[in-house]
1. Considering only the stretch 585-622, state which residues are under 16 Å from P27 (Cα atoms) and either in a strand (DSSP E or B) or not aliphatic (A, V, I, L, M) (or both).
2. Scan D380, D358, D336 and give me the residue that is closer than 23 Å to V217 by Cα, assigned by TED's automatic domain parsing to the domain that holds N425 and surrounded by fewer than 20 Cβ atoms within 10 Å (Cβ to Cβ).
3. Taking the stretch 400-417 as the search range and keeping residues that are more than 16 Å from ligand 2 (Cβ to nearest atom) and surrounded by 24 or more Cβ atoms within 10 Å (Cβ to Cβ), which one is farthest from G447 (Cα to Cα)?
4. When both residues are 6+ apart or on different chains and their Cβ atoms are under 6 Å apart, which pairs have a first residue that lies in the stretch 559-584 and is among the hydroxyl-bearing types (S, T, Y) and assigned to a strand (DSSP E or B), and a second that is modelled with pLDDT of 95 or more and more than 13 Å from ligand 2 (Cβ to nearest atom)?
5. Residues in the stretch 95-104: is at least one outside any helix (DSSP H, G or I) and within 20 Å of I194 (Cα to Cα)?
6. Considering the stretch 447-491 alone, what residues qualify as being within 16 Å of ligand 2 (Cβ to nearest atom) and out of contact with any Asp or Glu (no Cβ under 7 Å at 6 or more places or on another chain)?
7. Can you name the residue in the stretch 257-293 that is more than 16 Å from ligand 4 (Cβ to nearest atom) and part of a strand (DSSP E or B) and is also nearest to Y308 (Cα to Cα) among such residues?
8. If we scan the stretch 238-248, do we find a residue that is of a type in the set (K, R), buried (at least 24 other Cβ atoms within 10 Å of the Cβ), in a helix (DSSP H, G or I) and touching a residue at least 60 places away in the same chain (Cβ under 8 Å)?
Amino acid sequence: PVVQPPAPVKLGFNSLPNSMTDGCVVPDGYVAHVFAPWGTPLNDNAQAWNQNGNNTSSDLLNSMGMHHDGMHFFPIEGSSTEGLLAINHEYIDQRTLHPSGATTVAGKRPVEEVRKEINAHGVAIVHVRRENGRWNIVHNSRFNRRFTSATAMKLAGPVGGTDWVKTPFSPNGTQVRGTNNNCGNGYTPWGTYITAEENWAACFVNTGVQPAHQLRVGIGAAAGRYGWETAANDPSEVLGEFARFNITETGVDATQDWRNEANGFGYLVEIDPFDPSSIATKRTAMGRFAHEGCAYSKPEAGKPLAFYSGDDSRFEYIYRFVSEAVWDPKDAERTDRLAVGAKYLDKGTLYVARFNADGSGEWLALIGSTVGAGGRTLTDEFGTLDNILINTRGAADFVGATPMDRPEWTATHPTNGDIYLTLTNNTSRNAGRGTNPPNPRLNNVNGHIIRWHDDAGTAKFKWDIFVFGSNAGADADTNRSGLTALNQLASPDGLGFDARGILWIQTDNGIDSGRNNDVARATNDQMLAVIPGAIADSTGTGPVINASNQADLRRFFVGPNEAEITGFAVTPDYTSIFLNIQHPVNWPAYGTDDATVATTGTVRARSSTVVIQRADGGPIGV
Ligand code: FEO
Ligand code: CA
Ligand code: CA
Ligand code: CA
């Protein structure tokens, strides 16, 4: 089919200077408002947010969770003024969640604190509406919904129902409680949301001898990240509610045997935001690792669909899932959306990427017949498909995938179908580990963005590097894209295309734990915009953005001190963009919802969505 190029657009704002304040910055002519910060009630079951940290676990179950991350706007009947906003709540800040931080009494975390923390994680579905130019939550809407680290979910695909996931909660292995550390996101052509489970492994502990697949994902060896397991054996505990986070094999009777609990985590989870009674479903065929987002290829009738997901850890891999079913455009109109999800996401082939030096690449199938190390097949090494999927990273090691510099988000160009992925940074890429063609810089503190083009029907792709992060003053080997003070960037993470072909790039320098590179020492985290050409325009594996054309990479937004910028959602008419401010330490200012007001004094910080509009109501960015 002939692909129509998008109507040409040009960026119509001036690139912002560096900024380090306790407020957000937007270009002249734009406004930004704080929207749905953590603790904002979704219904009458929650008390208003309490400035002293005194909300209850029940309040959090009925309010916005903490640490907003991946996000998508689902228009209601195509509207740009009413829709459902799906928002991930990646993790928590115990200092601001509780009145004075986490407590432990005689080695145990208090049950109410743990329940509050569990309920502050997960996903929110929020019915939102714009009236008189301003966005509001539709309080008590039947669509408003929270998924937490305790919500019952289905396990579908090849791992569902196997011995790997049988627990006292689900003796037949078809369900698990909770989704955890939901970072990047995706959505589907049939109107569902996909939330990605990233750093879930650290919430579990196995103090015994860990099998290879647990070592490979980083299950805690001494304690869970928040010590949730220490709340076990409280008289109020419901069926291993807390005990399940300790997966050590104890030899106790089967009713308390939680050794398999963590095997129910590490997946892409599909949610139907339009059906409040639907059950979130973990799609195990798409692999088990530290999932970061999920973008799909441009759907073509009669062809399989491809979904791409990074695994965000140093030297981890990039994956592609290709559906067995071929795309039927009528499925985009069906209302049994999770049945459509089952059709495309439960059966198919998972691949992992190998990049070649000449700008080509191969997708290596993680199926039994694929030959890996020592001439052995994946079946020889792992057995059946459920075993391969449980230890996806181990299988990818075995077939010789290319270790990358922390693969974060993916985004698909709306017309040419090129796939972009952020490689956020890798400070452990030292002389011993060496570089490889798609990760060509040692001590890659700045990260880069790679892109490729493939066809779901073949296992080949072509690739190049779109832009190298760098500070403006770096030497030519570091600043390969010729960035300036007006667009220097490091640690690209969140990524989104709008349908006009504008690519929005967000950064996460982790500056809440120190400003560890020269960009982070010059400016807070930010969102930039650029209008890329097609991959075919590039000249091999050099940077596509370079000194001769980098003026079109412009800084659109700078966040408050210490916060990461993440999550991208846009209305169909481009007049409202939603993004998330994650882990600020002294923002937003009390007494105003103007996101650009810098805090004076000290406030209880709130991760929050920010909605950006043009003061004249026009389309954003152009
Ligand atoms: Fe949660 Fe990879 O960022
Ligand atoms: Ca994050
Ligand atoms: Ca991220
Ligand atoms: Ca990150």
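The values are calculated or read from the model by the stated rules, or taken from the named source; none is laboratory data. Being a predicted model, the structure only gives us computed values, none of them experimental. Methodologically, a virtual Cβ is constructed for each residue, glycine included, from the backbone with ideal geometry; neighbour enumeration extends over all protein chains shown.
1. D594, T596, V610, V611, I612, Q613, R614, D616, G617, G618, P619, G621
2. So the residue among D380, D358, D336 that is closer than 23 Å to V217 by Cα, assigned by TED's automatic domain parsing to the domain that holds N425 and surrounded by fewer than 20 Cβ atoms within 10 Å (Cβ to Cβ) is D380.
3. This residue is A401.
4. Once the first residue is among the hydroxyl-bearing types (S, T, Y) and assigned to a strand (DSSP E or B) and sits in the stretch 559-584, its partners that are modelled with pLDDT of 95 or more and more than 13 Å from ligand 2 (Cβ to nearest atom) give S576/V611; S576/Q613.
5. No.
6. A490
7. Across the stretch 257-293, the extreme among qualifying residues is L268.
8. Checked the stretch 238-248: at least one residue is of a type in the set (K, R), buried (at least 24 other Cβ atoms within 10 Å of the Cβ), in a helix (DSSP H, G or I) and touching a residue at least 60 places away in the same chain (Cβ under 8 Å).
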